[in-house]
1. Highest mean first, what order results for 326-334, 404-412, 389-397 on Cβ atoms within 10 Å?
2. What is the calculated FRET efficiency for Ile171 to Asp391, with r their C-beta to C-beta distance and R₀ = 25 Å, to the nearest 0.05?
3. Give me the net charge for the shell around Ala96: Cβ to Cβ below 15 angstrom, other residues only, Lys and Arg +1, Asp and Glu -1.
4. Count charges around Val230 for me, please; just the other residues with Cβ under 11 Å from its Cβ, Lys/Arg as +1, Asp/Glu as -1.
5. Which length gain, in nm to one decimal place, applies between Glu444 and Lys353 when the Cα-Cα distance is subtracted from 0.36 nm times their residue separation?
6. Would you tally the net charge around Phe190, using a Cβ to Cβ cut-off of less than 14 Å, leaving Phe190 out, and scoring K and R as +1, D and E as -1?
7. List the extent of the Cα atoms of region 28-157 along each of their three principal axes, largest first, rounded to whole Å.
8. Return Lys4, Lys290 ranked ascending by Cβ neighbour count within 10 Å, so the fewest neighbours appear first.
Amino acid sequence: MQHKMRQTISFGIGAVGKDMVYALVSGFILYYYNTVLGISGTFTGIMMMAARVFDAFNDPLMGVIVEKTNTRFGRYRPWIFTGTVTNALVLYGMFAMPESVTGTGVLVYASVAYVLWGVTYTMMDIPFWSMIPALTSAGRERENLSVIGRTSAAVGYAIPTVLTMLIVVRIGGSERQGFALFAAAIAVLFVITELICVLGIREKAIPAGKAPTMREMFGALLANDQAMVVVVGIILFNASLYLTTQLALYFFKYDIGNSDLYSLFGTIGGVGQILSMVSLPVLRRRWSSKTILTGSIGVTIFGYAFLFVLGSLGSSNVPLLGLAAFIIYIGFGLATVLTTVFLADSVDYGEWKTGRRNESVIFSMQTFVVKLASAISVLVAGVGIDLIGLDTEAAVQTAGTLLGLRVLMILVPIAGLLVSIFYFRKKYALTEEMNRRIAAELKERREQ
C-alpha cells in the first residue's frame, strides 16, 4: 500500500512538471512568435502544421523504440529522464532567441527550435502516459490513476496559464527578456519534478522475449479500431479547446480591453477543471463514461455561448467572465480524464483482438494527436488573425476585427465540439460491460 501511494504521488508530480512545459508552449508560442518576435501568424501556423507531419512518423516510431526498450532501469524511466533534460534545454533556447538573430534567421531559428522541442517532448511524454495500463488493471484502479495524473497535469497546466503574462511583463525589462527568464524557471522545475517521478516509480520486470517488428506493431495499431476512434475524438475535442487558448490573450487584450483578466480567466477555469476531474469517481457511480462525456461537452458548449454573449456586449464584468471560464473548463476537465481512460481501455481491447498490447505505440498516438490538435489550433488562429486584420501594433481594433476574433475563439470551437461528440457516440463501442468481459477473457488467456 505504501509503495502504491509513493508511486501515485510520484506520477502526479511528474504530470505537474510536464504540463507546465506543455502549457507554456501550447498557450503562448503563437503570441511569442507573432507579437514579441514579429513573425506572421500565418507562417507560425503553417510551420507548426509541417512539424506535425514530421511527428506523424516520429511519434509512433518513438512508441516502437520504447516498446523495445529493456534496461536494468526499466522500460519507461530512462526515456522519461532523457527526454526531460533535453526538452528543458530546447525549451529555454526556444524562448531565448538571441537578439543578434535577424531577418530570415528569425524564421529558421524559430522553426528549428519548435521542431526540436516537439521531438524531445515526445521522448518523455510517450513513456510517461504508457505507464498507466502497465501499472494498473482495467476498471476503477485505472480510472483513479488517470484522474490523479490528469488532475495533476491540470495543476501544472494552470501554473503558466495564470502566471506567464503577469510575470513576463514585470521582469527582465521587456517581454522578450521576460519570456526567456520565465522559460528558464519552468525548465528547471520540469527537470526537478520528473527526477522525483523516475525515482519514485518502480517498474515491474519486463519479461524477456522477441520484440515485435515495426511492421507488426503498426499493423496491430491500425487493427485497433477503438484506439483510432479515441484518437480522432481527441483531435476534434482538443483542437476546439486549444483554439480558445491560443486566442484568449488577444480576446482579453483587444476585445475586453484588459489583458490582466486573462490570468484571472485561466485561474478560475483551472479551478473548475481540477474540481471536475476529481469528481469523476463520484459521477461514475451513477452514470456511464459515455454519458458523462456527452454531458461534459454539453456543459462546455453552454459556457462558450455565455462567453460569446459577454464579448458581444463588451462586458468586462469579472464575476460573469469568471463564471464562463468555470463552466467551460468543468467540461474540459472531465473529457480530458475520460479520453485517457478510453485510450487505456483500448490497449486491453487491442490485446484481446490482436494478441498484442502495444501500450507505448497506442499512447504515442495520444502524444501525437495532442500536438496535432495544438498545431491545428495555431494554424487556424494564426491564419485567422491575419485574415480578420488584427494589428498587434494598434491599441484599438475595428468592430469587424473584434467580431471575427469572437467567431474564431468561440463559435468555431462550438462547431468542433459538436462534431466530436456525435462522432464519438456513434463509433466508440467499449462499454463498461464489454471492458469487464475483455478483462476476464484476457485473465483467462494469461492463466492458460
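Just so it is clear, none of the values below were taken in a lab; they were calculated from the coordinates. As the structure is a computational prediction, the values presented were derived from the model and not from experiment. FYI the Cβ positions are ideal-geometry reconstructions off the backbone, even for glycines, and counts take in every protein chain you see.
1. Per-residue mean Cβ counts within 10 Å order the peptides as 326-334, 404-412, 389-397.
2. So, using R0 = 25 Å, E works out to roughly 0.40.
3. Net local charge, Ala96 excluded: -1.
4. -1
5. Gain on stretching Glu444 to Lys353: 31.3 nm.
6. Charge balance in the 14 Å sphere: -2.
7. Computed over region 28-157, the largest-to-smallest principal extents equal 53, 30, 24 Å.
8. The fewest-first ordering by Cβ neighbours comes to Lys4, Lys290.
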